[in-house]
Each structure stands twice: as C-alpha cells, then as structure tokens.
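Note sheet for the following structure.
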Amino acid sequence: MQAFEYANPATLAEALKSLGSSWDEAQVLAGGTDIISLMKDDVAAPKRLVNIKNVKELGGIAPHAGGLRIGATATFDELATNAAVRTYPAIRTAVLGVASPQIRNMGTAGGDLCQRPRCWYYRAGFGLLATKDGQPLVPNGENRYHAIFGGGPAYFVSPSSLGPALIALGAKLTLESASDKRTVDAAKFFLAPGSETEREIDLKPNEIVTGILLPAAAGEKSATYEIREREMLDWPLVTASVALKISGGKVSSARVVLGHVAPMPWVAVAAEQYLLGKAISEATAEEAGAEAVKGAQPLSQNAYKVQLAKVAVKRALLAAAGKA
Amino acid sequence: MPDYHWPPMDQRRAIGKRVARLDGLQKSTGQAKYNSDLNLPGLLFGVLLTSPHAHARIKSIDTSQAEKLPGVTSLRVIQGAGKELNWQGQEIASVAATTENIARDAVRKIKVEYEVLPHLVKESDLGKAGTRAKAAGEVTTGDPEKAFQEADAVSEGLYAIPVITHCCLESHGQAVEWKPDGVNYYPSTQNLSAIGAELGRSIGVPAAQIHSHMDHVGGGFGSKFPPDLWGAECAQLSKASGGRPVRLFLDRKQELLIAGNRPSLFAKIKAGAKKDGTLTVWQSESWASGGIGGGGLNADALPYVFRNVENRKINHTSVSLNTGSARAWRAPSNQQLSFVTCSALDDLAAKLGMDPLAFFLKNVNLSNRPDVYKYQLEKAADLANWSKLWQGRGASKGPIKRGLGIGVSMWGGLGHDSKCKTTINPDGSVAVELGSQDLGTGTRTCIAQVAAETLGLPIAAIKVTIGDSSLPASGASGGSTTIGGVSASTRKSSVNALQKLFEAVAPQLGGNADQLEAVDGRIQVKGTPSKGLSWREACRKLGVSKIEEMGENVSRTAIRDGLINQGTAGVQIADVSVDVETGKVKVNKLVAVQDCGLVINPKLAESQVYGACIMSICAALLEERITDQQTGRVLNPDMEFYKLAGLADIGDIVVHMDIRPDMDKRGVIGLGEPPAIAGIAAIANAVANASGVRVAGVPLTPYRVLDALGRRTA
Ligand SMILES: Cc1cc2nc3c(=O)[nH]c(=O)nc-3n(C[C@H](O)[C@H](O)[C@H](O)COP(=O)(O)OP(=O)(O)OC[C@H]3O[C@@H](n4cnc5c(N)ncnc54)[C@H](O)[C@@H]3O)c2cc1C
C-alpha cells in the first residue's frame, strides 16, 4: 500500500471539496472493506482517502415519498436489522447473503454499489479488462467465475448483490458533486466499460453516491435467490432478483435481474416479457428461467453458470410468489 | 530395570480421561502468544521481495532507491543479476525496516528487470507437459492382462485431485535477534529442538550459541520443519541491523505460493473383479506435480490399503511445474492414494451392481489388517445408518439427492526420539520438561496426563514445560510420531524419578522400594494404604535435594519397550445431499471410525479427528490452487478464492475412536495424520452415489458437479 493522505470531513460539502478530478487524486472511504484491499494489492493508489462515515446526511434509513431512502453509509447490518427493509425481501436476502458479520458491520450500501470487480486477473494487476500484451486473458484463461452475458471487452462480473435487487425494485440513486446533484435509475448506474480507463459505474471522481431511493413496497412481491460455492465469506456464483406485481392471479409487471453473470447486473428482458399475463407455477417459473438465459455466451469454463442462472430465476420467482 | 509398562486399562486414573486441553483457555482468550505476535524491544520488520513470474531471469536489480528510504536498516539481495527464477514467489531480496509499511515501501522501490522465460504451471493435461514429464515408477505383479480377461466386471475412470496448500493460519516465519553472544531464534515450527542447529549451519553460528523458543504454533500440517531461506535471511537482516530483532513472517500471498503444498494426483484407473466382488486386478496410469521438483509417488502403494491384490500394473509420471515446491502435507500421498483408490473401487462396485459396503467388506482380506477394517466398516456403517439410508447410485428422488460413500485409510506411527526430564522437588511440586512442541494436538496435556498417571498425582500438580531448546531434545512432529515419542519418554523419566522417591522413603515405610506404589497422591506399600505417606510428606524426605531423572524414547528400538506401536486404520463414511439442479453439495454427516492404539486422552483424540474431518471437507468441497498458464500466476493466493469451509459448510461430524482392549494393548500410536486421509474419498463416493454420476475431480463445486451431470447447456 502506498502512503496516502486522510481526510475526515464532517459535512457533505467538505467531503465533496476533498475529492479530486481523478481517481488517483482521491477516493471515497466508506466501510473500507474493498478499497483497503485494493490498496494493499497495489491495484488502487489514491493520494487521498476521504472518509465519509462521519458525514451525517449520508447515513440512516428513513421513509421517503411513500418508499424508503437508504443513506449511502448505511451498513449491511443496519439494512439487515431495519424493519422497513423487511418489506423488500429481494434486498433483505441479498443483504443477509453478504459475507460475514465483520463485512456486514463495516460494509455500506454505497460501497456495495461502487466496489470494484473481483476478477482475479484485475486484482493481480492485469487491468480491469484483464489483458496481457494487448491480448484478453479471460476468454482462454481461468474463467469459471466470469461473465456469461455481455462479455467483451470486459469479462468480469459485477460484484454487487444489492445492484440486481435495487434494479428489480426500480430504485434510484442520488449522486452529488461540489457543483451538481443528479438522480439516476439504478438500472442505468452500472456500465460495461469499453476501455481500460472507463469505470464500470456511472460515477465521476468528484462525485459521491449520497443515497438510494426505493419506491413503495406495497403491491410488489420480490425475492432474491443466490447460489454460492460456500455458505460464508463467499461471493455468489449467480443471483437472481425478481419483483412481480400480480393481479387476479396473473403477473401484471415483472422485473428479473441476474447478478454475477455479466459486467453489470443483467436484466432478463425476455423472461420479464414471457411472464406477463402468466400465473407463477413450477412450469412458468422454469420457462422464465429458460427465457432468461437465452442468448447467454458462456466462456470455455463457465457454461455451468447458464444452468445456475436458469435455476436461480426459477427459484427466485417461486419464492416471490410464495411457492418455494 | 524399572517396569515402564502402561498400567492396565481399568486401573488408569489420568490416562484415558477426557481432560480439556491445558492451554485451551489461553488460546481461546488470545493470551497465548505465537511467535508471530512477538513484539520485542526495538523490533524491526522484515519483508521479502518475491518473483512475480513463474520463470524468468533477472537482468538487473537496483536497490539504491530502497536503501535510501529512511527507516530501512538493512537490505539483502538473495538472487542477483543473471539468476534464474523458477516459480512465482521465489525469494529475490529481503528488507528490514523500523515499520512494516516502510519495509513494504522499500520492497516496492527495488527495481528488477526480468527476462521472462517459458513456463509450465498446469499438469492436468499430461499431453502438454512435454519434457517436463518424467517416468517415475512402474510395478507389475501377477498377470494383469489375463486377469482382465477373466474378470466378471471391469470399470475404468479418470480421477483427479488438485494441488492444495497447507493454509497455516500463522504463516511461516520467525523473529531473530543476532546478539554478540548468541542468536535468539523465535520460529514457527514443528521441529523446535533441532531447528536452531539447522539455522546455525546456514548462518555459520554454532548450535550452542542459538537459543530457540516457541510456546505455540499456528498450524504446520507438515510444512514447518526447516528454518527455510527466510529464517537465514531474517537472521542476517538482524545481524546487518546491528543485532536488533527482526520479525519476518510471510504475507498471505507468499504463504500460499511458497510455503508448501500437497501435490496433485491424476489417475486413469482400470479395475476388475469377480461376480462376488473380489478385486482381482488393478491397473493405473497416474501423474502428479508438486512444483519444480515434480510429483513422485510410491507406485507400489496402489491400490491403497487393498494392496495385496494379485494382479497389478502401475505406472506413474512426475511432472515438473514452475510453481512453489511441495512439502509434507498431513499424511503425504495418502489422501491422494485413498481418493483415487476408493473412487475406483466404488465405481467397480457400482459396475457390479453391488453395495459398496459389501464390496469393501469382501475385500478386507487384501489389506494388512482385515479384522480391523471389517470391524471399522461395520461400525461406521452402523453410525451412518447405512442399512436404512443407502440406495443404489442415482436412485434418490427429487432435485436434492442424498447419498452415502466410503473412504479408508492407513498410517504408521511409532515415536520419534525424545528425551524428557522429570523433576520432583522437596516441596512436592513436579516439573516435566522436554523440547517438544504442541501443534495444537494437545501434546502438553497428554504429557501432563502421563506424568500424573505415573506419579499418582492430579493432572494439575504437573508443570509441563516444552518449546525451548535448552530442554532435553525431542524430535520433530512429523509422521504422527509425537505422542509416541513424548508419552514414552515422559513415562520413563517419571517412572525413574518415582523410583528415586521410593528409594528415599522406603526405609521409613519399612520396606523395599520395589514394594511401593504411588496412588491418589500417596506413596504406600502396594495395596496397603495404611502403610503410606502423603505425596508431600514423602517429598519432604528429600531434604534439600530434588530428584531429576531422565527418560528416553529411541525411535529405532522403541517398539521393543512395548509402550508404543505403529499401524492405524480408519474408515470414514459421508452422507451428502446433492442439489442436481445447481450442483451444490452439502455434507450432512461425516462419520469417522479410527484406531490409534492406547488413547491417552479421548477428548483430544476426538478433537484431532474433528479437525481432520473439517480439513477433508474443505478439500473435498472447496480447496484448490488455481494456476493460469497464460500468465504463469497462481490466481487465488488469498483466502477469498482459495476457499476453506466455514461452519455452515461442515455438517455433523461423528467420531468413534476404536478403543477396544485389543487396540489398547498395542500401546500408544500417533493420530496427527491418519484421520485426515479418508474423508475426501468418502465424500466423493457419496456424491457419486447421490447424483448417479462420477465427478472426475475434486473439489466438488457446481463447476464440476454440473459438468459431470451433463447439464452444461452451452
Ligand atoms: C469475502 C467477501 C465476500 C463478500 N461477499 C459479497 C456478496 O456476496 N455480495 C456483495 O454484494 N458484496 C460482497 N462483498 C463485498 C462487500 O459487500 C463490499 O466490500 C462492501 O459492500 C463495500 O462497502 P464499503 O463501505 O466497505 O466500501 P469501501 O471499501 O469503503 O469502498 C469501496 C469502493 O466504493 C467507493 N465508495 C464507497 N462508498 C461510496 C460512495 N458513497 N460514493 C462513491 N463512492 C463510494 C470507494 O471509493 C471504493 O472505490 C464481499 C466482500 C468480501 C471481502
């Protein structure tokens, strides 16, 4: 780890002033569960870290416009124990799935959305796009955990478990810089970088994610289903987050979002369309799973993730409909 | 000669008791200090610069920027310009500095230019190994060809078990303080008594001037015998820093790259049997690697346990890779041998349409201890509820399928050379001292139990001191020889000391020393409590001179003493569930039946088996070192993607120690390694039984299980 400056602002305005125009200049420090590892591995080396945990207005979980506002620095533990979050099962399951008590105590909602990919080539210093001598390493390399959708030139998978759940629930994110405030759909926040200098989220070096806005939970049935190699301290191989509105026993609106299968949370549009007007049953859930993985482009070692994605969608739908 | 024999089973008062480990509280409250915790006055931090490449030549190395960094006290080049590096993680330079961060900054400022050379870091495809593959053993017995023709069933398969690492939670390393009058050495080792002399040889200091000390070690598993290059480096850094103590422990990445591994084994196996299940013929072509030195194997050890099969044709190939070198890994080779053998036999049973339990029972005669394996198979089957739960391969219904599988093991034992001193003080206090180490197995506690038993005292009355080179020497803890060595030497030194005490009080008790006994804190005429003295009164008779007596276990001749023995057997049965839609395996239960002769502390013995079962579950379900041929790198030298099981992954473990009187009579036998052998095979066979397909390789992750189930939908 390189030596760095430490800024410890008490207000959002001060925090925003401490940021810079490049990632090398300054980066946000929230729970530190990811940024510190990146610095120890010499993958990130910002000259300044800006601690945002003492900025009051970035914290807390509170009612907002009939829904909920989750402050960027709300920890996983706060999310896990908050009564209002329980009304969003898709989020709650994703939160409880995260790692360990230690990570849940330190890791924050904003940090989860902004954390960097776990691709082992990236973490070993071969860049976000994982290349050596200009050649991509993933397609012919060790790609069992990599993307089965949207691959090329980026093949890593978006590591966020919250991302897919937020997208399924139609959440928005609020961002601020010293000169600007904006709100983006969670679905538009995640990007597949086309070059080494792009980032995988719609965030500028001088911006802070200030919060998450969730619409009202009423009338929505949601669920997340995760498949992991091990039960603790592990990343999912695949997740599916779904949100359904059901009227008269039939699906009137559906969101189906896969996690850990693409450089961004992957919205399974075909599955969503298939579900409209259908009742959720083993058979329709299974078929939706099959629809969700149509067009998957697995790499040399990760075709098994296609099967996992299919099953995750099926099981998430059944769980959301209360039929698991 | 005094009678050293163990007291009969039914008369023991300390041995055989379920005593909690003496250092348990210290360890669980964090009071126990490991040498990696050591914070000596003026401590400097040592860090290694290691090779990022699997194979390269150093074109140039420039340390000038690093040396200028304030706080750096010494810097040493280990591999200079022109030197060839043969694996990622190979040591290039070392630095000592006043803080760890400065040392790391300095390492980053060392400029090395490399000429990158071709490498091989994968052995799974033997066809790609070229000249890196070398013939490494061939055995033919009987007439395999004819036997295959005559066999009623023949099964063929490929079985693969990858390289895994030791994953010691306390990484390898030491602190060293090189003073003008001698070297203080604080290693993390399995070999405390002898490691100082070895360090001395590599740094040119006589053994007499090296003082080694270690209270606890945070895992070794066979990887912590020598001082290693970093031990010598650490000493030299201390010397070059004016004798200030330097602490140098590998970081996690280095630990996984260069501190040892268990070699892989890939085996194409063809086996044949008669209708009744009798194994008649075995043929295997195998290959393995544990790094640059290749992966040797005693081909004659196949098939494992059932070695006396008449017709065998075996050949083995060793593949040299550009990866860190193998080290002994808790029962070297045995996990691999057990896994490939039991998997192949389980497949053969399936081919015969036979219950594998019946099949293994049918073939116990091919082992060296048929009766023991028969007993253990039946016992384990009973504990696993085999007769109720077992169904044929793939017969379990629904997406979550349940299955059972068997694995077997064998191991040696005996006891290493060990000297022990028992001191009886005139105030009645007792000290037992030996230069052994407690790897977490409970060695300290067992020593106290042996001395307490011998002296007729409560365990709390014995002060045990180990872990210092000034104490009588005890051997390295390898090959499951520790309990044999230390129990025999402690028994002897304590019997000898007691004899001296008997001699001192015999006149007063009006008898011969030979007629006395030590029971329940008293010295008395045998069988006559009224003619006796309390332990304290007896010791007071010593006046001002304490009794100090030695006892010795000599490995070579130990078996004649009748105190210790060798040869253990083990059977493990796994009960698993496989979600065939996701390929996820869950261990419901792992049953372990194990013999190890006379068990000094059943609680600690069981605890040893629990730990070994957990390691087996890790290796069966998760663990694997993943290398990348394009970059030559190990991609998971961390605890994130080098996965160990957590509590939720482990399931129930049921341990049954085979402590029948006939076993007890054999004497003490080590248990460090034996229980870590059979679990992987048991779990793999249970998965085959549940899912209906043989997954060729472990670990049994969805990646492999779904592949075997043909569910890859690409
Ligand atoms: C073993 C392990 C298993 C894990 N498993 C999971 C899992 O299953 N699912 C999952 O989703 N996550 C998982 N995690 C990741 C964990 O959730 C993240 O590390 C955590 O959410 C990051 O939050 P943080 O507050 O610690 O972020 P930090 O480490 O402080 O920051 C992470 C990054 O985000 C930036 N950042 C943080 N907050 C903001 C903000 N408000 N505005 C702008 N930028 C910001 C930082 O600059 C940095 O680049 C796992 C982590 C580990 C170590």
Whole-Hz Karplus ³J(HN,Hα) for region A:34-48, in order, using 6.51 cos²θ - 1.76 cosθ + 1.60 and θ = phi - 60°, x for Gly and Pro? 10, 4, 5, 4, 4, 6, 4, 7, 6, 8, 10, 8, x, 6, 9
So what's the net charge close to A:A270: Lys and Arg +1, Asp and Glu -1, counting the other residues with Cβ under 11 Å from its Cβ? -2
Residues with beta-carbon under 15 Å from that of B:D125, excluding B:D125: net charge, scoring Lys, Arg +1 and Asp, Glu -1? 0
Percent relative contact order for chain A, counting Cα pairs under 8 Å at least six residues apart, stands at 17
How much net charge surrounds B:Q335 when only other residues with a Cβ under 15 Å from its Cβ are counted (Lys, Arg +1; Asp, Glu -1)? +1
Computed over the Cα atoms of region A:221-320, the Rg and Dmax in Å are 13.0, 44
Pairs of lysine in region A:221-320 with Cα under 23 Å and at least 8 positions apart or on different chains: total? 18
Region B:639-691: percent of C-alpha pairs farther apart than 19 Å? 54
Roughly how far apart, in whole Å, are the Cα centres of region B:411-450 and region A:113-131? 51
Skipping prolines and chain starts, which residues have an amide H placed within reach, meaning under 5 Å, of the one on B:R522, given they are 5 or more residues away or on another chain? B:W535
Going by amide H atoms built from the backbone, whose H comes under 5 Å of the H on B:Y114, apart from near neighbours? B:K59
Integer Hz, Karplus 6.51/-1.76/1.60 couplings in order for region B:56-67, x for Gly and Pro: 6, 10, 7, 7, 7, 9, 10, 9, 4, 5, 5, 5
Partner lysines whose C-alpha sits under 25 Å from that of A:K53, ignoring same-chain residues fewer than 8 away, are A:K17, A:K40, A:K172, A:K181, A:K204
Quick one: compute the contact order of chain B, relative version, from alpha carbon pairs under 8 angstrom and 6+ residues apart, as a percent. 17
Within chain B, which whole H helices from DSSP have a Cα span along their axis of at least 27 Å and a mean Kyte-Doolittle hydropathy of 0.5 or more, if any? B:602-621
Quick one: Debye curve from the C-alpha atoms of region B:285-423, no solvent, what's log10 I(q)/I(0) at q = 0.15, 0.18, 0.20 Å⁻¹? -0.90, -1.10, -1.22
Given Cα positions, please report Rg to Rh for chain A, the hydrodynamic radius being the Kirkwood one. 0.96
Mind listing the long-range amide H neighbours of B:L120? Cut-off is under 5 Å, sequence gap 5 or more, other chains count too, H placed in the peptide plane at 1.01 Å from N. B:N322
When the helices in chain B are scored as -39500 (n - 2.57) per DSSP H run of 4 or longer and the sum is shared across all residues, what 222 nm value do you end up with, to the nearest 500 deg cm²/dmol? -8000 deg cm²/dmol
Rank-order B:633-642, B:447-456, B:679-688 by packing density, defined as the average count of other C-beta atoms within 10 Å over each peptide's residues, highest first. B:679-688, B:447-456, B:633-642
Send over the semi-axes of chain B's equivalent ellipsoid, whole angstrom and largest first, taken as the square roots of 5 times the C-alpha gyration tensor eigenvalues. 44, 39, 20
How many Cβ atoms of partner chains, on average, are near each residue of B:631-640 if near means within 10 Å of its Cβ? 5
Starting with the fewest neighbours, write out B:S545, B:S36 ranked by other beta-carbon atoms found within 10 Å of each beta-carbon. B:S545, B:S36
Please name which of A:S252, A:V313, A:I280 has its Cα lying farthest along the dipole of region A:221-320 towards the positive end, using unit charges on Cβ (Lys, Arg +1; Asp, Glu -1) and the Cα centre as origin. A:S252
Magnitude of the Cβ-charge dipole of region B:150-200, K/R +1 and D/E -1, about the Cα centre, nearest 20 debye? 400
Which whole number gives the average count of other chain Cβ atoms within 10 Å of the Cβ atoms across peptide A:218-229? 2
Give the peptides B:694-702, B:368-376, A:229-237 in descending order of average Cβ contacts within 10 Å, highest first. B:694-702, A:229-237, B:368-376
With a 10 Å radius around each residue's Cβ, average the other Cβ atoms per peptide and rank B:139-148, B:358-367, highest first. B:358-367, B:139-148
Straight-line reach from B:K492: which lysines have Cα under 21 Å away, leaving out those fewer than 8 places along the same chain? B:K17, B:K419, B:K421, B:K463, B:K500, B:K526, B:K546, B:K665
Per the charge dipole of the protein assembly as shown (beta-carbon charges, Lys/Arg positive, Asp/Glu negative, Cα centre), the residue among B:V205, A:P205, B:G222 reaching farthest to the positive end is A:P205
Cα-derived Rg over Rh, computed across the protein assembly as shown with Rh taken as Kirkwood radius: 1.00
For B:K59, the lysines lying under 20 Å Cα to Cα, once residues fewer than eight places off in the same chain are dropped, come out as B:K83, B:K109, B:K111
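Values quoted throughout were computed directly from the atomic coordinates according to the rules given, and no laboratory measurement underlies them. Quick caveat, the model's predicted, so the values are computed rather than measured. Every residue, glycine as well, gets a Cβ built from its backbone with ideal geometry; the counts of neighbours run over all protein chains shown.
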